[in-house]
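Reviewing the structure listed below.
The values are calculated or read from the model by the stated rules, or taken from the named source; none is laboratory data. Worth saying up front: this structure is predicted, and the values here are computed from it rather than measured. Because the Cβ atoms are built from the backbone with ideal geometry, glycine has one as well, and the counts that use them run over all protein chains shown. Each accessible area value is taken on the protein alone, full model and side chains, heavy atoms only, with ligands, DNA and RNA left out. Shrake-Rupley method; radii C 1.70, N 1.55, O 1.52, S 1.80 Å.
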Amino acid sequence: MEEKLIKDYSSPGRTAYSLPELDVEKRDLNSELGGYLREDLDLPEVSEVDVVRHYTALSELNYGVDSGIYPLGSCTMKYNPKRNEKLARIPGLSYLHPYQDEDQVQGSLEILYDLKLDLAEISEMDEITLQPASGAHGEFTSLMIVRRYFEARDENRKNVIVPDSAHGTNPATAKMAGYNVIEIASNQRGMVDLAALKEAVDENTAALMLTNPNTLGIFEEDILKITEIVHEVGALVYYDGANMNAIMGYAKPGDMDFDLMHFNLHKTFSTPHGGGGPGSGPVGVKDFLAPYLPKPLLKKGKDKYYWDYERENSITKVHSFYGNYGVMLRAWAYIKTVGGSGLKKTTENAVLNANYLKARLREEFELPYAEESLHEFVLSGSRQKEKGVSTLHIAKRLLDYDQYAPTIYFPLVVKEAIMIEPTETENIATLNRFVETLLKISREIKEDPELVKNAPHNTSVRRLDETQAARNPDLRW
Amino acid sequence: MDYISNTAAEQDEMLKEIGVKAVEELFAMIPEEISLDCELDVEAGISEMELMDLAKEAAAKNKSLEEMTSFLGAGAYDHYVPSIIDHLISRSEFYTAYTPYQAELSQGTLEAMYEYQSMIAELTGMGIANASMLDGGSAAAEAVTMASRISRKKKVILTETIHPAYKEVIKCYGKGHQLEFLELKSNSEIMDPAVIKENIDQETGVLVVQYPNFFGSLEKMEEIAKIKKEHKKLIFVVIANPVLLGLLKAPAEFGADIVVGEGQGLGNGLNYGGPYLGFMACKDERIMLRQLPGRIVGKTTDVDGKEGFVLTMQTREQHIRREKATSNICTNEALNALMATIYLATMGKKGLAEVAEQSYHKAHYLAEKIDQLADFEVSNKENFFHEFLVKSSKDIKEIKAKLLEEDIIAGYDLDKAGKKGLLVCVTEKISKADMDNFVEKLEVL
Ligand SMILES: Cc1ncc(COP(=O)(O)O)c(C=O)c1O
């Protein structure tokens, strides 16, 4: 490996920490804790400089949005504003214990309440919980709300419908909430097939989980018919908010007759993805579902904000405390900064950037769905595959040109899928460079396919053996 | 202020390339009935200076722990956080990246996660650990559902001494899996192992114990370990405090099959409850590994034989297995796990033990002092670690309110958890002077 493990910097007796001298009497641990005392703890013995150099070296082996384009479809890798980082670290906002009295945290609760109001306005939902800590967590919260709703009505519905283009978290969530998953195929235009949906719904249907625009970036033009079909059998319609960056200011899930939804603050509202997390996945619901939201629910009283724990119909809790507060602060700062018209401009430019890329790439790469798309689009590497070079190779070759790869092999409805979401924060020069690189790779495939198949060549490590990793798991030192 | 860098001219150029005249045309497919015909009712954007003023105004309405001495714990702990952590995680190659799907350009995140898994495994004594869960409560819940899948039994025994919020999260997740919960009562701050023993039957698949428990007490782990030994098929889940594992015996030594908990104390600030990280470790057995939720990083080699790291064992995960996945978790708490990693590296072998030790000595110093006061009694003085339960003939709410006037948060009022008393926590950050002052104020109440 390029940089050795932190433990390999160890030298017995070396330390990196500093603590004040113990200022109370030392007790006899052996006699008091006896059988509870551990004998050995094999953690690194390194200096502070070792730690700093090591993790700096590791950071240099990484690539983030600040390094360049990060066109992961469905992930909305937009720029993460630095002022939000500064704001979230203000001690008066961050050095707070979750069990402090409400009186001591009114400033923070006001911010959270303000965030709730803005999310409700953006989505046309009536009530919001901020508790879920990720998108999938928001999905789970939502489906538990669906469950609770039917329980309260003494109905025992067993099925949740999920289109085949859905993100993997959707079916996984339905299962975790105790439902059978009914998958329905998309039609030839990449949208929900109304006939298939009608066929699938019945009095056993609890909900439809839908992303709109869907994972192909295509807006479901029959959306009102879809929600109507589901509502007709008494089922609920859930909106996966991963793609809010495509519609903010142009349309609202509530107006499309969705009953509940989740937001991804780490996508739409610019909070950093942190190498995989943390995120935040607030859930919005229409009034009739509000009683089931997790507790505590943030409320505004006559003269103060408070956490309402008296919620007998609540699904109870999905998180130990109130969710990822630090992420909420950043999302709030983002909304305050760009404002209502900024959000709309954001949407416009996200869609403009995506359509520009699509226009420039659709000749060279197969575009399996010709429908108009919004903030992302999906190409297929099938033409290149005919030359023996797969989408995976194309992705790896992009890394050689110091650009991150799009999402690949998702959605599952597209063979050799290349799912591209540039986001609004990229400028035309960056987009052009990305296009030219992809076109160049396509040329390379024709002229020297082995070059692409053996990519990456310039990264700190080359193609890693995933099969070996799974077959002989080496998961720790 | 927005974050868009294309000029109007550039936008026009792009529109031309696309073949439309105005950007609104790109939204033409949105049916008219649902197309917004007015602006969002969200306030107009503001500059950085105005934003910071707003934030400071809000901060001024708060009272942070900077201005007080806090004896609050109950699942979120105010341990010392070395300065280098924030500096290192602020390297934007770390925090502006996402899940390392392209391993070759994400070796920094991957290697750090491998180190995290290694150190969590070491702390808990378990064979393997995953790359983080959403928080302590949800990690506990997913451990329980995982355990029930492994044991193939639906009955789960919870102990009353587990954090009440965790119990709620566990039961919420349990609903989806049709789990059946038996919550064992306790008449002290620890569970009577005999009660555990007599309640385990053929149907019991999972036993959950917290170590130290919600009241700061150490359960009779050796006796529980014996019970576990007698029930080979029972999956034993331990919710542990990872900081205290610097000094305490690893749960593995008491027969734990899965160890989970809140990792916040490992170098993560309080942040009013999140973002924190859940950690999860289990025995290194195929059946366990196959059922483990979450991301896992593994070491492998590249085409040139050079060592490197990848996400592995992905056939458990939602993006591959969809409804057959072991969990729906996708985004996790990677940056918080990185903080925990840097913390563990910095504190190291000696430092972590010293944090736990200092917390222990100080907490016992304070408990003895409080116990000597006329109207107060420490009810778990026999078996607590760094958090203890104070009972008083006086009204707890009043005590808390009076002390707040002195800028002291006396602890967690157990009333919220349906019990009587005050849960007092001491970490290495509390000085003797802080404690003497606290006792003095209690005395003159
Ligand atoms: C469409 C869609 N739904 C749900 C999710 C899950 O979100 P999270 O990763 O925050 O759990 C994603 C994440 O990539 C997604 O793209």
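Looking at segment A:339-461, what % of the alpha carbon pairs are farther apart than 21 Å? Percent of Cα pairs beyond 21 Å in segment A:339-461: 38. Shielding value for A:30-38 is 5, the average number of Cβ atoms from other chains within 10 Å of each residue's Cβ. Averaged over peptide A:1-13, the number of partner chain Cβ atoms lying within 10 Å of each residue's Cβ comes to 4. What the Cα atoms of segment A:85-133 give is an Rg and a Dmax of 12.5, 33 Å.
Lysine pairs in segment A:339-461 whose alpha-carbon atoms fall under 24 angstrom of each other, counting only those eight or more residues apart or on distinct chains, come to 26.
Determine, for each peptide in A:284-291, B:80-87, the mean count of other beta carbons within 10 angstrom over its residues, then list the peptides with the highest first.
Most protected by this proxy first, the peptides run A:284-291, B:80-87.
When the C-alpha to C-alpha distance is required to be over 24 Å, the pairs from B:K185/B:K362; B:K155/B:K220; B:K185/B:K226 that qualify are B:K185/B:K362.
Please give the length that would be gained between B:K185 and B:C38 if that part of the chain were fully extended, namely 0.36 nm times their separation in residues minus their C-alpha to C-alpha distance (nm, one decimal).
Working: separation 147, 0.36 × 147 = 52.92 nm, distance 5.75 nm.
Result for the pair: 47.2 nm of gain on full extension.
Annotation for B:V303 and B:T7: the two label points, set 7 Å from Cα along the Cα-Cβ direction, are 4.3 nm apart. Across segment B:126-135, coupling constants 3J(HN,Hα) worked out from phi with the 6.51/-1.76/1.60 Karplus curve, θ = phi - 60°, read 8, x, 9, 9, 8, 8, 2, 10, 6, 5 Hz, and Gly and Pro carry x. The string of couplings for segment B:99-112 from the Karplus curve (6.51, -1.76, 1.60, θ = phi - 60°) is 2, x, 5, 9, 4, 5, 10, 9, 5, x, 4, 5, 5, 4 Hz, one whole number per residue in order, with x for Gly and Pro. Sorted on the mean count of surrounding Cβ atoms within 10 Å across their residues, most packed first, peptides A:463-469, B:20-26, B:308-314 read B:308-314, A:463-469, B:20-26. With a 10 Å cut-off around each Cβ of B:390-403, the average count of Cβ atoms from other chains is 0. Among the trypsin sites (Lys or Arg not before Pro) within segment A:126-222, those in coil by DSSP and having at most 14 neighbouring Cβ atoms inside 10 Å are A:R153, A:K158, A:R189. As a calculated quantity, the FRET efficiency between A:E2 and A:N472 at R0 = 30 Å, using C-beta atoms, amounts to about 0.90. Taking each of B:K233/B:K324; A:K116/A:K304; A:K317/B:K232 in turn, the alpha-carbon distance tops 21 angstrom for B:K233/B:K324; A:K317/B:K232. Per the Debye calculation on segment B:1-113 with a single equal scatterer at every Cα and no solvent contribution, log₁₀ I(q)/I(0) for q = 0.14, 0.22 Å⁻¹ amounts to -1.10, -1.21. The amide H of B:I409, built 1.01 Å from its N in the peptide plane, has B:T69, B:S70, B:F71 as neighbours under 5 Å, considering only residues 5 or more places off or on other chains. When you filter the trypsin sites (Lys or Arg not before Pro) in segment A:291-351 for DSSP loop state and at most 16 other Cβ atoms inside 10 Å of their Cβ, you are left with A:K302, A:K304, A:R311. FRET efficiency for B:E48 and B:K21, Cβ-Cβ distance as r, R0 = 30 Å, nearest 0.05? With R0 = 30 Å, the Cβ-Cβ based efficiency is 0.30. When the alpha carbon gyration tensor of segment A:82-337 is reduced to an equivalent ellipsoid, the three semi-axes, largest first, read 32, 20, 15 Å. Counting only alpha carbon atoms, the long axis of helix B:48-61 and the longest principal axis of chain B meet at about 20°. Could you work out how far the C-alpha centroid of segment B:76-146 sits from that of segment A:320-344, in angstrom? After rounding, the separation between the Cα centres reads 24 Å. For segment A:39-52, 3J(HN,Hα) computed residue by residue from phi via the Karplus equation (6.51, -1.76, 1.60; θ = phi - 60°) reads 8, 9, 9, 8, 9, x, 10, 9, 9, 4, 5, 4, 4, 5 Hz, glycine and proline entered as x. In this structure, the residue pairs whose Cα-Cα separation is over 28 Å, taken from B:K167/B:K441; B:K350/B:K397; B:K397/B:K429, are B:K167/B:K441; B:K350/B:K397. Between B:R286 and A:K302, the simple spin-label model (points 7 angstrom out along Cα→Cβ) gives 6.7 nm.
When you have a sec, figure out the Kirkwood radius of segment A:1-87 from all distinct Cα pair distances and drop it here in Å to one decimal?
On the way: mean 1/r = 0.0558 Å⁻¹.
Taking the inverse mean of 1/r over all distinct Cα pairs, segment A:1-87 comes out at 17.9 Å.
When every alpha-carbon pair in the protein assembly as shown is counted, what percent end up more than 53 Å apart?
Percentage above 53 Å: 12.
As a rough guide to protection, the peptides A:373-382, A:118-127, B:185-194 ranked by mean Cβ packing within 10 Å, highest first, stand as A:373-382, A:118-127, B:185-194.
Annotation: amide H of B:I46 within the under-5 Å range of A:T337, A:V338, A:G339, sequence separation 5 or more or interchain, hydrogens built in the peptide plane.
Rounded to whole Å and ordered largest first, report the semi-axes of the equivalent ellipsoid of segment A:248-287 derived from its Cα gyration tensor (root of 5λ).
Working: eigenvalues 113, 29, 6 Å².
Values for segment A:248-287, descending: 24, 12, 6 Å.
Between the DSSP loop rule and a limit of at most 13 other Cβ atoms within 10 Å, which GluC sites (Glu not before Pro) in segment B:221-326 are left? Could the numbers behind the result be given before it?
Working: sites: B:E222, B:E223, B:E230, B:E253, B:E262, B:E285, B:E307, B:E317, B:E323; in loops: B:E285, B:E317.
Those satisfying the criteria are B:E285.
Of the two radii for segment B:83-343, the radius of gyration is 0.97 times the Kirkwood radius, both from the alpha carbons; that is the Rg over Rh value.
Which value at 222 nm does chain A reach when only helices count, each DSSP H run of 4 or more adding -39,500 (n - 2.57), with the total divided by all residues and rounded to the nearest 500 deg cm²/dmol?
Working: 15 runs with 172 residues, N = 477.
Computed mean residue ellipticity for chain A: -11000 deg cm²/dmol.
Once the chain from A:D202 to A:R443 is taken as fully extended at 0.36 nm per residue, the excess over their C-alpha distance is 81.6 nm.
Evaluate 2.2 N^0.38 Å with N set to the residue count of segment B:10-53, then give the Cα radius of gyration divided by it. It would help to have the intermediate numbers written out before the result.
Values: Rg = 16.1 Å, N = 44, 2.2 N^0.38 = 9.3 Å.
Here the Cα radius of gyration is 1.73 times the empirical estimate.
Would you please calculate the Kirkwood hydrodynamic radius of segment B:204-306 over all C-alpha pairs and express it in Å, rounded to one decimal? Over segment B:204-306, the inverse of the mean reciprocal pair distance is 15.5 Å.
Quote the FRET efficiency, to the nearest 0.05, computed for B:D86 versus A:E102 with a Förster distance R0 of 35 Å and r equal to the Cβ-Cβ distance.
The computed FRET efficiency comes out at 0.80.
Just the protein heavy atoms count here, and of the accessible area of segment A:339-461 at 1.4 Å, carbon and sulfur take up 44 percent.
Which value in nm describes the separation of the simple spin-label points at A:E364 and A:N187, placed 7 Å from the Cα toward the beta carbon? Modelled inter-label distance: 3.4 nm. Kirkwood analysis of chain A, using all unique Cα-Cα pairs, places the hydrodynamic radius at 24.8 Å. Under the criterion of Cα pairs below 8 Å and six or more residues apart, the relative contact order for segment B:77-203 equals 18 percent.
Distances between placed amide hydrogens fall under 5 Å for B:T301 paired with A:D465, B:G308, all partners being 5 or more residues away or on another chain.
Would you work out if chain B is rounded, prolate or oblate? Take a ≥ b ≥ c from the square roots of the eigenvalues of the alpha-carbon gyration tensor; rounded if a/c is under 1.5, else prolate when a/b is larger than b/c, oblate otherwise. Note, shape of chain B comes out oblate. Per residue of chain B, the DSSP helices (runs of n ≥ 4 H) give a summed -39500 (n - 2.57) that works out to -12000 deg cm²/dmol at 222 nm.
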